[in-house]
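Structure, as structure tokens:
The values are calculated or read from the model by the stated rules, or taken from the named source; none is laboratory data. On a predicted model such as this, the values are computed, not experimentally measured, just so you know. For neighbour counting, all protein chains shown are included, and Cβ atoms are generated from backbone atoms with ideal geometry for every residue, glycine included. Only protein heavy atoms, including side chains, enter the accessible area calculation; ligands, DNA and RNA are left aside. Shrake-Rupley method; radii C 1.70, N 1.55, O 1.52, S 1.80 Å.
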Amino acid sequence: MKRTASAVWTGGLKDGKGKISTQSGILKDTQYGFNTRFEDGPGTNPEELIAAAHAGCFTMALSAQLGEAGMVAENLSTTAEVTLEKVADGFSITAVHLDLVAKIPGANQDAFDAAVGKAKSGCPVSKLLNADISLSAKLEN
């Protein structure tokens with residue numbers, strides 16, 4: 001399975017504008033730029049999208065792990081906080097914090113903790129954040 005998203009950028013870093021679209025169309029020409037990344041401008045930014053992807057992936061992975069342990073959640077609510085910081089050679093995502101609130105009737109704490117640990121380590125987005133990234137680049141004139 002492969003999924004795609006695209007970004008288009010025009011202009012310089014601070015005065016430029018970008019648009020992000022996804023294969024599903026749920027994001028279509030969604031605005032992003034310097035002001036949405038480093039200030040409070042309208043639109044999205046890469047770190048927010050990574051946070052959404054990580055929260056969604058982890059929560060689904062947890063649902064699967066709970067099912068394997070014989071538990072069904074009434075509600076799982078995960079917030080992901082991605083930290084972008086200035087480091088010596090530019091900017092870097094230095095941390096991701098997942099905050100989970102779960103309502104699971106009759107859940108056993110030890111089984112729940114084990115499921116959370118397996119979901120955290122098995123979530124594909126968690127794995128990606130530690131993966132080697134390959135890149136293909138083509139310059140057109």
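Kirkwood hydrodynamic radius computed over region 82-122 comes to 12.9 Å, based on all pairs of distinct alpha carbons.
Given a 1.4 Å probe and heavy atoms of the protein chains only, how would you sort I104, I50, largest accessible area at the top? Could the numbers behind the result be given before it?
On the way: I104 25, I50 50 Å².
Largest to smallest exposure gives the sequence I50, I104.
Can you pick out the pairs among K28/K86; K19/K118; K17/K86; K14/K120; K28/K120; K17/K118 whose Cα atoms lie more than 32 Å from each other?
Exceeds cut-off: K19/K118; K14/K120; K17/K118.
Helix 109-122 and the longest principal axis of the C-alpha atoms of the chain enclose an angle of approximately 30°.
Note on the chain: GNM, Cα springs under 10 Å; of K19, K103, K86, the largest mean-square fluctuation is that of K86. Between S92 and K120, full extension at 0.36 nm per residue minus the direct alpha carbon distance yields a gain of 7.9 nm.
In plain terms, the C-alpha convex hull of region 1-121 casts an average shadow of 9.8 nm² when viewed from every direction. In terms of overall dimensions, the C-alpha atoms belonging to region 1-71 reach 53, 26, 14 Å along their principal axes, ordered largest to smallest. Roughly how many nanometres apart are two label points built 7 Å out from the Cα toward the Cβ at D132 and V72? It works out to 4.3 nm between the two label points. What residues from region 1-28 fall in the zone where the backbone N is under 13 Å from a label point 7 Å along the Cα-to-C-beta line of N35? Flagged as within label range: 14-18.
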